[in-house]
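Please read the structure below before turning to the comments.
The values are calculated or read from the model by the stated rules, or taken from the named source; none is laboratory data. Not measured: the values here are computed from a predicted model. FYI the Cβ positions are ideal-geometry reconstructions off the backbone, even for glycines, and counts take in every protein chain you see. Each accessible area value is taken on the protein alone, full model and side chains, heavy atoms only, with ligands, DNA and RNA left out. Shrake-Rupley method; radii C 1.70, N 1.55, O 1.52, S 1.80 Å.
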Amino acid sequence: AELYLRELNQSNPLGTSGQLALQYATLLQQLRRSMGGSPIPPATVRAVMAKQYEQFASYQQQDAQEFLSLLMDGLHEDLNRVLEKPYTQITDSNGRKDHIVAAEHIEGYLQRNRSVIVDLFCGVTKSTLEWKDEG
């Protein structure tokens with residue numbers, strides 16, 4: 001039932017030696033068992049986050065979006081299936097079609113980043129800015 005344990009990457013220097021994923025899984029198990037009956041403090045998850053990211057070491061108010069972004073990144077690195085990240089080079093578009101450049105960037109990203117977090121939450125967007133001349 002603990003499928004995440006098979007993907008735990010304790011040797012990733014960008015992760016927390018698996019501690020964030022382990023503590024997060026424990027928190028989720030406690031929440032599931034509690035069924036809303038009693039509050040479950042996320043103290044152990046917070047402690048791992050504070051150790052990894054110094055801006056969360058104090059008890060001052062922090063930006064929720066930044067916390068969630070770093071939490072997701074930490075979980076990704078702890079669960080990254082890529083054990084040795086190859087060097088990848090990002091090339092300029094040089095006028096090539098967007099879908100070709102996007103495919104190259106995705107391929108390069110996936111050579112270094114493969115986790116359940118990437119599987120579920122990562123994607124590619126394209127932004128376009130149009131300037132209408134009112135003159």
More than 30 Å from Lys126 (Cα to Cα), among the acidic types (Asp, Glu) and assigned to a loop (DSSP other than H, G, I, E, B): does that describe Glu2?
yes
Which one of Ser34, Ser115, Ser38, Ser69 is over 29 Å from Ser17 (Cβ atoms) and either out of contact with any Gly (no Cβ under 7 Å at 6 or more places or on another chain) or open to solvent by less than 80 Å² (accessible area, probe 1.4 Å) (or both)?
Ser38
May I ask you to verify whether Glu77 is of a type outside the set (Phe, Trp, Tyr) and surrounded by 16 or more Cβ atoms within 10 Å (Cβ to Cβ)?
yes
Which of (1) over 14 Å from the mean Cα position of the chain (by Cα); (2) of a type outside the set (S, T, N, Q); (3) surrounded by 13 or more Cβ atoms within 10 Å (Cβ to Cβ) is the odd one out, the single condition Tyr87 does not satisfy?
(3)
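Look at Tyr4 and say whether it is under 29 Å from Lys85 (Cα atoms) and of a type in the set (Phe, Trp, Tyr). Walk me through how you get there before you give the answer.
Numbers: under 29 Å from Lys85 (Cα atoms): yes; of a type in the set (Phe, Trp, Tyr): yes.
It is true that Tyr4 is under 29 Å from Lys85 (Cα atoms) and of a type in the set (Phe, Trp, Tyr).
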Select from region 118-127 the residues that are open to solvent by less than 100 Å² (accessible area, probe 1.4 Å) and either of a type in the set (Asp, Glu) or modelled with pLDDT under 95 (or both) and list them in ascending order.
Asp119, Cys122, Gly123, Val124
What residue, among those in region 44-55 that are in a helix (DSSP H, G or I) and in contact (Cβ under 8 Å) with a residue 12 or more places away in the chain, is surrounded by the fewest Cβ atoms within 10 Å (Cβ to Cβ)?
Lys51
Kindly check whether there is at least one residue in region 90-109 that is closer than 25 Å to Glu2 by Cβ and either open to solvent by 70 Å² or more (accessible area, probe 1.4 Å) or among the β-branched types (Val, Ile, Thr) (or both).
no
Restricting attention to region 81-92, does a residue exist that is touching a Phe, Trp or Tyr at 6+ places or on another chain (Cβ under 9 Å) and acidic (Asp, Glu)?
no
Here the residues within region 56-66 that are part of a helix (DSSP H, G or I) and open to solvent by 40 Å² or more (accessible area, probe 1.4 Å) are Ala64, Gln65, Glu66
